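Asks: Have a look at this one before I ask anything.
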Amino acid sequence: MNSSFQQKEQIRQQAFEPIWENQINAVFSDVAAVYDKANDFASLGTLKGLRRKFIATIDVAPGQRMLDVCAGTNVIGIDLLKKQPGLDVYAIDRSDAMQKVGKERANRQGFEIKGHICDVHNLPFKDNHFDVVTLQYATRHLRVIDVFSEINRVLKPGGHFYHFDMLRPSNRIIEEAYCLYLKGCLKATSWAIRSGPEARACRQYFVDAIRLFYSTDELSHLLSELGFSNIVGRSLLGGTVAMHKACKA
């Protein structure tokens, strides 16, 4: 493992672990009922289109076993079941409140998603268990090396990992403009959804988490360092978001 990635993870953990351990779950519990609407509002309506692009990149077949890590309100699992009803879909998330919303949403549409509430840094599944693993819009709140290593462990050889998240733009000017936008957007979204004190207290954290996160190319290199192969990274919106596809050798 390249020492620069380990150093970066140490810096991120030192900066954010108190928030990850003590506050972030309360934030998502606070906004669970309006989480998806808040994301659409904050992204000025672009997130739905981006998610459709992400779903289009995911190759699935009947009978495959699929895991959505940090599944939240199950939007990815539901979209993939619409695409391929023969999937066996599992979801894992730390937030019981988010998964409660997700389970209700899946049930209303007639889909079964097997939900698990636990720490995603230690996946409760055996080695070589899943054909497909997805992770979207959550990685900047995680110890990336630990989670990606666990995903590699539970994937079958030849299985695929699909990742989609907000990233740090590699262009410094775009990064500064993006962070300014996020500050204003988070304040407006917090007001619009009438978020509680937990969410309001973490507004600056969501900006700082981007500043200390990875660019598209850096995340591709990290996936390679962790043993994934055939890595494809696609940067969008000036590098503010990206999609990655990687294979377990």
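Asks: If you filter the stretch 87-195 for trypsin sites (Lys or Arg not before Pro), then keep DSSP loop positions with at most 14 other Cβ within 10 Å, what is left?
Replies: Within the stretch 87-195, the qualifying trypsin sites (Lys or Arg not before Pro) (loop, at most 14 other Cβ atoms within 10 Å) are LYS126, ARG194.
Asks: When DSSP beta bridges are limited to those with both residues in the chain, what percentage is antiparallel, rounded to the nearest 5?
Replies: Once the DSSP bridges in the chain are tallied, antiparallel ones form about 40 percent.
Asks: Continuing with the same structure: Give me the Kirkwood hydrodynamic radius of the stretch 3-248 in Å, from all C-alpha pairs, to one decimal place?
Replies: Evaluated on the stretch 3-248, it is 18.2 Å.
Asks: Moving on to the next point. For LYS183, list the lysines whose Cα falls under 27 Å from its own Cα; do not include residues on the same chain fewer than 8 positions away.
Replies: Here the lysines satisfying the reach criterion relative to LYS183 are LYS8, LYS37, LYS48, LYS53.
Asks: What's the Kirkwood radius of the stretch 43-163 in Å, using all Cα pairs?
Replies: Result for the stretch 43-163, one decimal place: 14.4 Å.
Asks: Can you give me the span-like helices of the chain, meaning DSSP H runs with 27 Å or more of Cα extent along the axis and Kyte-Doolittle mean at or above 0.0?
Replies: 172-192
Asks: At q = 0.17, 0.20, 0.22, 0.23 Å⁻¹, what log₁₀ I(q)/I(0) does a Debye calculation on the Cα points of the stretch 143-209 give, no solvent, two decimals?
Replies: Values, matching the q order: -0.80, -0.89, -0.94, -0.97.
Asks: Next question. State, to one decimal in nm, how far the label point of GLN14 lies from the label point of ASP217, with both points 7 Å from Cα in the Cβ direction.
Replies: Result for the modelled spin labels: 2.6 nm.
Asks: Excluding residues fewer than 8 places away in the same chain, name every one of the lysines whose C-alpha is closer than 18 Å to that of LYS156.
Replies: Partners found: LYS126, LYS245, LYS248.
Asks: Largest first and in whole Å, give the semi-axes of the stretch 1-82's equivalent ellipsoid, each being the square root of 5 times a Cα gyration tensor eigenvalue.
Replies: The three semi-axes for the stretch 1-82 are 28, 21, 14 Å.
Asks: Report the extension gain between GLU198 and GLU225 in nm, rounded to one decimal, defined as 0.36 nm multiplied by the number of residues separating them, less their alpha carbon distance.
Replies: Computed gain between GLU198 and GLU225 is 6.1 nm.
Asks: List the residues of the stretch 42-85 whose backbone N lies under 14 Å from a point placed 7 Å from the Cα of VAL232 along the Cα-to-Cβ direction.
Replies: Only 53-60 fall inside the zone, counting backbone N under 14 Å.
Every read-out reported here was derived from the displayed coordinates using simple, explicitly stated rules and does not represent laboratory data. Because the structure is predicted, anything quoted here is derived from the model rather than measured. Don't worry about glycine lacking a Cβ; one is built from the backbone with ideal geometry, like all the others, and counts go over all protein chains shown.
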